Each structure stands twice: as structure tokens, then as C-alpha cells.
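Data block below; observations after.
The values are calculated or read from the model by the stated rules, or taken from the named source; none is laboratory data. Not measured: the values here are computed from a predicted model. Note: ideal-geometry Cβ built from the backbone for every residue, glycine included; neighbour counts use all protein chains shown.
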Ligand code: C5P
């Protein structure tokens, strides 16, 4: 399904420490914002507006420049101002397709996350990925420590999916003097329904310095190299050619087998299956 996307990457990221704003810091050799943009493109986004702080436009251009379907737009002083700016930057010709809003600070976005959000959008005016709260909550109330119930509470993540016109209308109606903390809040305030689908701990938002250390470890895992080995053997028999790795080689005998007896392809298949821990060709 084709869809549009907004990636908000205009924050200053002060909680993450001094230096380059977090969306433009590098993770596993790529700008953090690029992780999400590439995942959205792989999932089929054909119009992506990326909100960027005005002084970071050149940095964003060099980090994302050659990628297709991208418009860089100046973000605002708050997240919601950045979303508003990005909505106006989306193509007016694609207003009939869903829009996914995503925080650049959540780089481990996958195609599955995108499909889940888009699928859930068929049941409501909006769809978000969210995780139930696992920890006990505490609230400091003066000297007292209260324990509010966590029943029915969720941690909202992004991506969040909406219909273009509903998202635009909800933001237009949202009061300028209040700052929402996500987009579903804006759509529900305008009377829209929002469905929840299962979130993913890997969609955590890079916020504090220790989050970057965790992300580096995960990014290194994503580059993990796996190897596998395979071998195969077939008897010689009467014939005039041998097939190896899909290539016919003239010969005074052939390899005998119930299958095509292509020992090269069988060995390669076993090596690939071994590398992904999925048994061997016989099992399949
Ligand atoms: O600050 P926080 O981590 O909550 O920001 C969430 C996302 O919103 C980040 O990807 C950040 O870059 C983006 N943002 C923005 N414009 C702002 C503030 C935050 O695009 N003015």
C-alpha cells in the first residue's frame, strides 16, 4: 500500500548531551534520521517530509541527499510545530493516502512496524504502536510516595498512522498555546478514534546519553556477519552433462539424483540455511 510519511528530526536533543542534535549523530555509520527514512522507503513510502532544524538543513541534505521521495522542511520550536510544517510539505496529490508520523529519534523502525500501523488504521481514525507498562509507577506527592495504578496505561511510540485530511484538520484545530506529546493526542482531541497495536521495545526513543550506548550495541548486532557451510554428493551415472550451480556443463557422465542433482546449488542452499539456523535442504 502506498503511503506518505513525516519524520520529525528538528529537535535539539538537549537531554542527549552537548554536540550535534541527535537525529544527525551517527549510528553504525549512518545518520540516526537516515535509519528511519530508509526503513520507510523500504516499506513503500512514496512521499516523505523530514522536519529539520533551520541550522541543520545542510547537514540533513548531506545525510539524506541522494534518497528518493524526500522533501526537507524547516521544523519549528516544538515537535508539534515541526509536524505542522511537515504536513504542509507533503504532496497535495497524495492526500488520499495514509500518513505515518515517526520520530527520527527511534531509528530501529522496520517494515513490520509500518505494516502493523497501516493495517490497524483500517479500524480507526488513527493507529499507534504502544507497549503496556511493565514497571510499577510512583508519584512523588510532597513527602509522600504514591503508587498510581498502571491498569490500562500504555507507552505510546511512533510510527503513528492517520488519514491525511484528518491529521491536518486535527492539527489546525489544536490550540497554539498547548503542546501535545504525540499526534494521537491531537487526533483524539478532535474527536477521532485511535487503535493500539503492539509496540516494540526496539522502538525506544534515543533520549539520554546511555540510550546511544545501547543503540550502538544494537546497530553492531544488525551488522552481525553469519557464515554457513554446506556440502553435497551425488553418484556418477550414464549421461552427457552435469548441472552445477544452474550451469549445464557437457560431460561424458551425469550426476544421478531424485532431484536435479545440482550438487553446487544444494551445497549453497545448505550453507545459507545453516547460516540462518534453519536446518538443511533435506528438511525443507
Ligand atoms: O524531544 P523528543 O525526543 O521528545 O522529540 C521527539 C522527536 O521530535 C525527535 O525525533 C525530535 O527530533 C522531534 N522534534 C522536532 N522538532 C522539535 C522538537 C522535537 O522535530 N522542535
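Of all the listed residues (203, 218), the sole one being under 30 Å from residue 162 (Cα atoms), assigned by TED's automatic domain parsing to the domain that holds residue 118, within 16 Å of the ligand (Cβ to nearest atom) and in contact (Cβ under 8 Å) with a residue 40 or more places away in the chain is 203.
Where helices (runs of 4 or more DSSP H) fall wholly inside the stretch 170-284, the ranges with 2 or more residues that are under 27 Å from residue 130 (Cβ atoms) are 183-189, 209-222. Tell me which residues, restricted to the stretch 139-156, are surrounded by 10 or more Cβ atoms within 10 Å (Cβ to Cβ) and either in a loop (DSSP other than H, G, I, E, B) or modelled with pLDDT under 95 (or both). Across the stretch 139-156, the qualifying residues are 148, 150, 153. From the list 100, 72, the lone residue that is closer than 26 Å to residue 172 by Cα and free of Cβ contacts under 8 Å to residues at least 24 places away in the same chain is 72.
Among the residues making up the stretch 71-88, those that are surrounded by fewer than 18 Cβ atoms within 10 Å (Cβ to Cβ) and over 15 Å from residue 53 (Cβ atoms) are 71, 88. Residues that are within 14 Å of the ligand (Cβ to nearest atom) and either within 22 Å of residue 77 (Cβ to Cβ) or outside any strand (DSSP E or B) (or both) within the stretch 15-30 comprise 15, 16, 17, 20, 21, 22, 23, 24, 25, listed in sequence order.
Out of 91, 2, 36, one residue alone is out of contact with any helix residue (DSSP H, G or I) (no Cβ under 6 Å at 6 or more places or on another chain) and modelled with pLDDT of 95 or more. It is 36. Candidates 184, 170, 195: the one that is within 21 Å of the chain's Cα centre (by Cα), buried (at least 17 other Cβ atoms within 10 Å of the Cβ) and free of Cβ contacts under 8 Å to residues at least 60 places away in the same chain is 184. Residue-level check: of (1) outside any strand (DSSP E or B); (2) within 11 Å of the ligand (Cβ to nearest atom); (3) at pLDDT 95 or above, residue 12 misses just (3).
For the stretch 1-23, give me the residue count where each residue is without any contact (Cβ under 8 Å) to a residue 60 or more places away in the chain and under 27 Å from residue 68 (Cβ atoms).
2
Table: residues versus (1) outside any helix (DSSP H, G or I); (2) within 13 Å of the ligand (Cβ to nearest atom); (3) under 19 Å from the mean Cα position of the chain (by Cα); (4) on the phi < 0 side of the Ramachandran plot.
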site	(1), (2), (3), (4)
40	no, no, yes, yes
48	yes, no, yes, yes
56	no, yes, no, yes
68	yes, no, yes, yes
73	yes, yes, no, yes
80	no, yes, no, yes
